1. Checking R196 against (1) closer than 22 Å to C50 by Cα; (2) away from ligand 2 (no atom under 12 Å from the Cβ); (3) surrounded by fewer than 19 Cβ atoms within 10 Å (Cβ to Cβ), which single condition isn't satisfied?
2. Please indicate, with yes or no, whether at least one residue in segment 106-122 is of a type in the set (K, R), at pLDDT 90 or above, more than 12 Å from F158 (Cα to Cα) and open to solvent by 30 Å² or more (accessible area, probe 1.4 Å).
3. Restricting the search to segment 254-267, which residues are within 16 Å of ligand 2 (Cβ to nearest atom) and open to solvent by 20 Å² or more (accessible area, probe 1.4 Å)?
4. If a residue must be away from ligand 2 (no atom under 16 Å from the Cβ) and at pLDDT below 90, how many such residues does segment 133-154 contain?
5. Which residue out of A170, A131 is on the phi < 0 side of the Ramachandran plot and surrounded by fewer than 16 Cβ atoms within 10 Å (Cβ to Cβ)?
6. Does segment 58-80 hold any residues that are open to solvent by 30 Å² or more (accessible area, probe 1.4 Å) and assigned to a loop (DSSP other than H, G, I, E, B), and which are they?
7. Please give the number of the condition N210 fails out of (1) without any contact (Cβ under 8 Å) to a residue 24 or more places away in the chain; (2) buried (at least 19 other Cβ atoms within 10 Å of the Cβ).
8. For segment 234-245, which positions are under 13 Å from N44 (Cα atoms) and open to solvent by less than 10 Å² (accessible area, probe 1.4 Å)?
Amino acid sequence: MYLNWVVPSYWTTSESLQLENEIRSAVENGEFLFHFQPVVSLWNGELYCCEALMRWQHPEKGLLAPEVFLDVLDDTGLITSIIDTLLDQASNHREKLSKKLGRDVAVSVNLSARLMNDPAFCRGLLKRLVAREFPLESLVLEITEDTLTRELAEANEFLQQAKNLGAKIALDDFGVGQASLSHLRQFPFDLVKIDRDFISNVHSDANDANLVRAIIQLAHAFGMQVVAEGVETEQQLAFVRAQGCDYIQGYLVGVPADSGQVVACLSAGRNGSLLAT
Ligand code: C2E
Ligand code: CA
Ligand code: CA
């Protein structure tokens with residue numbers, strides 16, 4: 001687990017600059033790393049993929065959540081310097097998992113809107129993947145709705161290329177952003193991830209329950225599969241399962257942890273089953 005050390009809104013300019021400087025040296029010192037969280041199939045109970053989630057191993061404050069540093073990393077463009085770390089750790093994790101389970105397991109990575117709208121970054125990313133011999137059919141690229149509200153041309157071309165090479169494309173945090181439903185028909189997403197905000201109240205809020213039900217039906221009508229995020233209770237699991245949801249991700253089936261811990265938790269004998277079906 002990590003510390004949720006949030007940047008206070010009353011920070012002065014000099015304090016923000018100090019954070020930016022700290023982040024710059026953290027990038028140089030290689031203090032950013034990735035934890036992995038399982039995404040489990042509701043059809044067979046098996047591990048479908050692991051999502052790579054960034055952490056900052058701060059020398060004094062311990063392990064910090066993206067909430068503390070992601071905006072600064074993204075706004076300053078420093079995030080591009082971490083992409084090799086991401087691809088190396090994702091690639092190692094995928095190999096270890098696949099070896100342990102004796103079958104291919106995918107890894108999913110988050111791409112910010114800023115990165116997706118940078119043509120040089122997109123071209124470089126494909127080259128880096130090919131150079132690592134990363135099997136693209138074992139890669140899920142997660143983008144958020146704000147990527148779609150910007151100029152679509154570059155992002156669209158990159159996503160289409162990645163898809164042609166076998167990668168799966170997921171629309172992350174569906175429902176909380178600004179995207180219009182027409183984006184669902186503009187781009188052939190493979191997966192839609194329903195935000196935790198909607199899942200957490202499916203038992204107490206009829207509107208949230210209706211919304212989750214409708215999103216699952218809508219995504220399925222477009223031929224897309226659905227991941228329910230932030231599933232923490234058996235009740236939430238039962239609800240999304242009854243609605244025909246395809247995958248779940250959440251503390252009920254696994255918290256984000258370092259690669260070694262995730263691999264150690266999986267029992268090869270059960271083919272990576274994390275859930276009874
Ligand atoms: P996300 O992509 O929606 O990732 C899921 C977040 O939900 C993660 O938070 C995960 O730890 C948390 N989560 C998963 N299951 C549960 C649950 O059952 N209960 C609760 N309370 N939380 C759960 P995390 O790791 O703090 O990441 C926050 C966000 O930061 C991510 O949200 C993603 O938008 C962003 N992020 C993380 N890593 C990266 C990265 O490498 N690149 C980019 N661009 N964004 C990243
Ligand atoms: Ca995500
Ligand atoms: Ca999400």
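The values are calculated or read from the model by the stated rules, or taken from the named source; none is laboratory data. What you are looking at is a predicted structure, and each value in this text was computed from that prediction instead of being measured. Positions of Cβ are backbone-derived with ideal geometry, glycine not excepted, and every protein chain shown enters the neighbour counts. SASA here: full protein model, heavy atoms, side chains in, ligands and nucleic acids out. Shrake-Rupley method; radii C 1.70, N 1.55, O 1.52, S 1.80 Å.
1. Unmet condition: (2).
2. Within segment 106-122, the first condition is being of a type in the set (K, R), and the residues that meet it are 114.
In the following step, the residues that additionally are at pLDDT 90 or above were identified as none.
For segment 106-122, residues of a type in the set (K, R), at pLDDT 90 or above, more than 12 Å from F158 (Cα to Cα) and open to solvent by 30 Å² or more (accessible area, probe 1.4 Å): absent.
3. V255
4. Residues meeting the conditions: 6.
5. Working: A170 fails: surrounded by fewer than 16 Cβ atoms within 10 Å (Cβ to Cβ).
Within the list A170, A131, the selection yields A131.
6. Selection gives P59, E60, K61, T76.
7. Of everything listed in (1) without any contact (Cβ under 8 Å) to a residue 24 or more places away in the chain; (2) buried (at least 19 other Cβ atoms within 10 Å of the Cβ), N210 misses just condition (2).
8. C245 - this is the single residue of segment 234-245 that is under 13 Å from N44 (Cα atoms) and open to solvent by less than 10 Å² (accessible area, probe 1.4 Å).
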